[in-house]
Amino acid sequence: MIPLIDRCHQLVLGDETANLVRKLAILSAILGFVAHIVVWVFHDLGHITISGDSSELVKSPLSTLYTPFSILLAYEVYELIRTIPDSFSSSVGKQFEIATLLVVREILKRLSEIEITGDWSIGEDLSILLVECAAFIVLFYTSISYHKISLEIQHEDDPSGLVSSFISYKKIIATAMVPVFLSIAAFSFVSWLNDANDGGGGVDRGIFFLEFFTFLILADILILLISYWFYTDFANLARNTGFVLSTVVIRVAISSSGLSSMILFSLSGVLGVAIIGISSRLNLDFERYNGTIRN
């Protein structure tokens, strides 16, 4: 059973596949960027007309950054799935990176929409932009701090039988998340195309990410429940539950808008750093029953 699990996992999430996906993502981002620029130029020259909510994608040259950033974000989601068998801390660290890039994409999108006036007044768009920039700084700092603390936690590379079994379960969940990821991506893209044809086609962070993080939370909860089979120490379970809470906060932030969403994004980062910082400072061996700490 375990060899079959390992083969399936290597097929969709192994190093060779990940390297191929990375190259395809970079190539797709470059081609998507060029294609978006061409569409903007044709629209700006009046050769094509894009109306409805989707017209926000051709408002300015900065709008063309939305496509490559979206593709790179999709690749980061794939990398997030790859971290699921490692540990909660690795997965949450990748989530903070995605949240940071989501905020950056929001900032670039808003910059393309802001109309500068000569009175230097702070309008609603500019005030939200300032809040988004502040949230980006918080997320960037917390993300770097989180990874720095994670690297300071020592670990061994000789997992016991219990850990190997637990990792196998997590590999099954991670492998199952790949078709979920592809299905949500395809459904989101087709739905957006249909909306664009009907005069809609507006873009926001909720497209794809809202549904994906819902399934990610379900996967995290399932892993948390399975972990009860292998260890029952309070410190470990409390830490992992805190990480699930951080994921839930990110999901709520994605579904929110304006100031509240930026506060929630920042809260998720602070919460994650606080949890792993306390774990590191107290020097708790969260996987002492397994003989290893995996980060």
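The values are calculated or read from the model by the stated rules, or taken from the named source; none is laboratory data. Here the structure is a predicted model, which means the values were calculated and not measured. Neighbour counts are summed over all protein chains in view; Cβ atoms, including those assigned to glycine, are modelled from backbone coordinates with ideal geometry.
So the check is Cβ under 9 Å with 6+ separation or different chains; which pairs have a first residue in region 50-63 that's more than 9 Å from Gly201 (Cβ to Cβ) and a second one that's among the basic types (Lys, Arg)? Short answer, once both residue conditions are applied: Leu62/Lys109; Ser63/Lys109.
Somewhere in region 170-182, is a residue at pLDDT 90 or above, more than 24 Å from Phe69 (Cβ to Cβ) and hydroxyl-bearing (Ser, Thr, Tyr)?
Within region 170-182, the first condition is being at pLDDT 90 or above, and the residues that meet it are 170-182.
Filter once more, so that each one left must be more than 24 Å from Phe69 (Cβ to Cβ): 170-176, 179.
When the remaining residues are screened for being hydroxyl-bearing (Ser, Thr, Tyr), the result is 175.
Yes, region 170-182 has at least one match.
Within the set Ser256, Ser268, the sole residue that is over 28 Å from Cys8 (Cβ atoms), out of contact with any Pro (no Cβ under 9 Å at 6 or more places or on another chain) and surrounded by fewer than 19 Cβ atoms within 10 Å (Cβ to Cβ) turns out to be Ser256. For region 131-153, the set of residues classified as without any contact (Cβ under 8 Å) to a residue 12 or more places away in the chain and either closer than 16 Å to Phe88 by Cα or among the basic types (Lys, Arg) (or both) consists of Lys148 only. Check Arg239 against each of (1) modelled with pLDDT of 90 or more; (2) crowded, with 16+ Cβ neighbours inside 10 Å and name the one condition it does not meet. Result: Arg239 fails condition (1) only.
From the list Val41, Val103, Val12, the lone residue that is over 16 Å from Arg205 (Cβ atoms), touching a residue at least 24 places away in the same chain (Cβ under 8 Å) and aliphatic (A, V, I, L, M) is Val12.
What is the residue count in region 193-210 for residues that are at negative phi and either assigned to a loop (DSSP other than H, G, I, E, B) or surrounded by 18 or more Cβ atoms within 10 Å (Cβ to Cβ) (or both)?
Let us first name the residues in region 193-210 that are at negative phi, namely 193-198, 200, 202-207, 209-210.
So of that shortlist, the ones also either assigned to a loop (DSSP other than H, G, I, E, B) or surrounded by 18 or more Cβ atoms within 10 Å (Cβ to Cβ) (or both) come out as 196, 198, 200, 202-207, 209.
Going through region 193-210 one residue at a time, the tally reaches 10.
Within region 165-201, being in contact (Cβ under 8 Å) with a residue 60 or more places away in the chain and of a type in the set (Gly, Ala, Ser) holds for Ser165, Ser168, Ala174, Ala185, Ala196, Gly199, Gly200, Gly201.
May I ask you to verify whether Leu27 is modelled with pLDDT of 95 or more, farther than 28 Å from Ala219 by Cβ and surrounded by fewer than 17 Cβ atoms within 10 Å (Cβ to Cβ)? Step through it out loud before you land on a result.
On the way: modelled with pLDDT of 95 or more: yes; farther than 28 Å from Ala219 by Cβ: yes; surrounded by fewer than 17 Cβ atoms within 10 Å (Cβ to Cβ): yes.
Yes: the conditions hold for Leu27.
Of the listed requirements (1) surrounded by fewer than 17 Cβ atoms within 10 Å (Cβ to Cβ); (2) more than 23 Å from Leu130 (Cα to Cα), Ser54 misses just one: (1). Every listed requirement among (1) over 23 Å from Glu113 (Cβ atoms); (2) free of Cβ contacts under 8 Å to residues at least 60 places away in the same chain; (3) surrounded by 16 or more Cβ atoms within 10 Å (Cβ to Cβ) is met by Ala219 save one, (2).
The set of residues in region 219-239 being out of contact with any Leu (no Cβ under 6 Å at 6 or more places or on another chain) and either more than 15 Å from Pro85 (Cα to Cα) or outside any helix (DSSP H, G or I) (or both) consists of Tyr228, Trp229, Tyr231, Thr232, Asp233, Phe234, Asn236, Leu237, Ala238, Arg239.
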